[in-house]
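Values quoted throughout were computed directly from the atomic coordinates according to the rules given, and no laboratory measurement underlies them. Small disclaimer: the values here were computed from a predicted structure and weren't measured. A quick note on method: Cβ atoms are made from the backbone with ideal geometry, for glycine too, and the neighbour counts reach across all protein chains shown.
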Amino acid sequence: MGDRIESFHFEKEDKQRLDVFLTACLPEFSRSRIQGLIKGGFVKVEAGIVTKAGRDLEPGEQIQIRIPPPVPSGLVAEDIPLDIVFENEDLMVVNKPAGMVVHPSPGHNSGTLVHAALGYLPELEGIGGEERPGIVHRLDKDTSGLIVIAKNERAHRWLQDQFKSRKVEKIYLALVDSKPPTPAGRVEAPIGRNTTHRKLMAVVPLDKGREAVSEYRTLENFPAHTLLEVHPLTGRTHQIRVHMAFLGCPVAADMVYGKRKPTVELGRHFLHAHRLKIVLPGEKQARIFEASLPQELQFVLEHLRQK
């Protein structure tokens with residue numbers, strides 16, 4: 001695959017920054033990606049290479065940009081089955097199993113969702129200049145449920161904008177120990193790094209963390225547990241787990257933020273990304289996708305109901 005060459009003519013009467021103009025001309029690329037190409041010497045204005053993204057364009061100037069093919073990311077595709085809930089030319093909605101890490105990281109160099117996505121679609125278009133699938137949001141290793149993967153840069157940018165502007169509605173099912181203070185409610189508690197254990201998160205003062213908001217409502221009561229539907233309005237790391245623990249009703253079997261001795265027999269915490277409402281690239285009406293509770297979580301509920 002050779003370089004892609006695009007040429008544009010600047011016809012506006014007023015000056016405009018080079019990076020702003022090219023981002024408008026090439027909406028499939030983020031502004032940071034365009035800036036990287038300019039800095040790398042891939043852009044010419046009037047036949048001369050320009051490396052300053054903030055260079056003002058003058059009326060009548062000709063701009064040419066050379067977009068190189070994606071470079072290999074070094075990731076090895078793996079033949080791992082995926083539970084694909086929905087797929088089109090732009091994205092996939094996948095029902096991730098508990099135990100699967102989303103992104104490669106130290107200690108998780110194989111078997112991740114990224115490796116599985118590359119195995120399913122080896123020709124995934126480069127995102128950010130690399131041959132890699134576009135993970136727009138994440139789920140914890142032991143959280144199951146719906147996650148979106150962009151197949152190309154245009155879809156990746158569209159989805160990023162959807163999540164950033166909080167237009168995506170995510171609904172989780174969580175079994176918690178005890179019960180929250182009220183049957184339904186809203187938690188507004190900033191989340192930041194735990195000062196003692198830097199790998200963990202905690203509710204902290206606003207100047208030490210970031211805004212975090214979660215809404216919840218009770219679906220079913222048990223003597224020592226409550227099944228909740230939780231809607232996180234923000235997307236902080238471990239948000240639901242931290243907020244539920246903050247309320248005094250940690251997610252059942254959460255060995256990090258919950259009770260040291262699990263109150264249910266389960267090899268993972270009881271948290272599942274159940275429903276996703278999102279507007280897909282090129283569409284106007286939101287679509288709703290759902291993933292049923294995995295068998296091991298259904299078994300826990302059945303056991304509690306029998307008791």
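Computed over the Cα atoms of region 4-69, what is the convex hull's projected area averaged over all directions, in nm²?
Details: hull surface 15.3 nm².
That works out to 3.8 nm², a quarter of the Cα hull's surface.
Between LEU75, GLY126, TRP158, whose Cα lies farthest towards the positive end of the dipole of region 70-165 when Lys and Arg beta carbons carry +1 and Asp and Glu beta carbons carry -1, centred on the Cα centre?
After comparing all options, I get TRP158.
Using unit Cβ charges (K, R positive; D, E negative) and no other charged atoms, how large, in debye to the nearest 20, is the dipole of region 133-271 about its Cα centre?
Computed charge dipole of region 133-271: roughly 500 debye.
How large is ³J(HN,Hα) for each residue in region 115-123, as worked out from phi by the Karplus curve 6.51 cos²θ - 1.76 cosθ + 1.60 (θ = phi - 60°), to whole Hz, x for Gly and Pro?
So the J values, rounded to whole Hz, are 4, 5, 5, 5, x, 6, 10, x, 8.
Packing-wise, with mean Cβ within 10 Å as the measure, how do 285-298, 144-157, 27-40 rank, highest first?
144-157, 27-40, 285-298
Output the 0 to 90 degree angle, nearest 10, between the alpha-carbon long axis of helix 295-306 and the longest principal axis computed from the alpha carbons of the chain.
Result, in degrees: 30.
Plugging the Kirkwood radius over Cα pairs into Stokes-Einstein for region 186-307, at a temperature of 20 °C and a viscosity of 1.002 mPa s, what D comes out in µm²/s? Display every interim value, and only then the final one.
Values: Rh = 16.0 Å.
Translational diffusion coefficient: 134 µm²/s.
Compare the Cα positions of ALA53, ALA98, ILE135 along the charge dipole of the chain (+1 at Cβ of Lys, Arg; -1 at Cβ of Asp, Glu; about the Cα centre) and return the one farthest towards the positive end.
Sorting the options by dipole projection puts first ALA98.
Sort out for me the Cα centre separation of region 1-50 from region 136-206, rounded to whole Å.
Each part reduced to its Cα centre gives a spacing of 35 Å.
In whole Hz and in residue order, list the ³J(HN,Hα) couplings for region 103-111 that follow from phi through the Karplus curve 6.51 cos²θ - 1.76 cosθ + 1.60, θ = phi - 60°; x for Gly and Pro.
Using θ = phi - 60°, the values come out as 10, x, 7, x, x, 9, 8, 7, x Hz.
Which one of PHE29, GLY40, TYR216 has its Cα pushed farthest toward the positive end of the charge dipole of the chain, where Lys and Arg give +1 and Asp and Glu give -1 at the Cβ?
So the residue furthest toward the plus end is TYR216.
Can you classify region 70-165 as rounded, prolate or oblate using the Cα gyration tensor, where a ≥ b ≥ c are the square roots of its eigenvalues, rounded means a/c under 1.5, and otherwise it's prolate if a/b beats b/c and oblate if not?
The shape class here is rounded.
Considering only lysines 8 or more places apart in sequence, or on different chains, count the pairs in region 166-307 whose C-alpha atoms sit under 22 Å apart.
Count of close lysine pairs: 13.
Using only the alpha-carbon atoms of region 14-146 as identical scatterers, what base-10 log of I(q)/I(0) does the Debye formula give at q = 0.13, 0.19, 0.21 Å⁻¹?
-0.67, -1.00, -1.14
With mean projected area of the Cα convex hull in nm² in mind, check (i) 16.3; (ii) 19.0; (iii) 15.1 and report the label derived from this structure.
(ii)
With +1 assigned to the C-beta of every Lys and Arg and -1 to the C-beta of every Asp and Glu, and no other charges, what is the dipole magnitude of the chain about the Cα centre in debye, to the nearest 20?
Details: 42 positive and 39 negative charges, 264 e Å.
In total the dipole reaches around 1260 debye.
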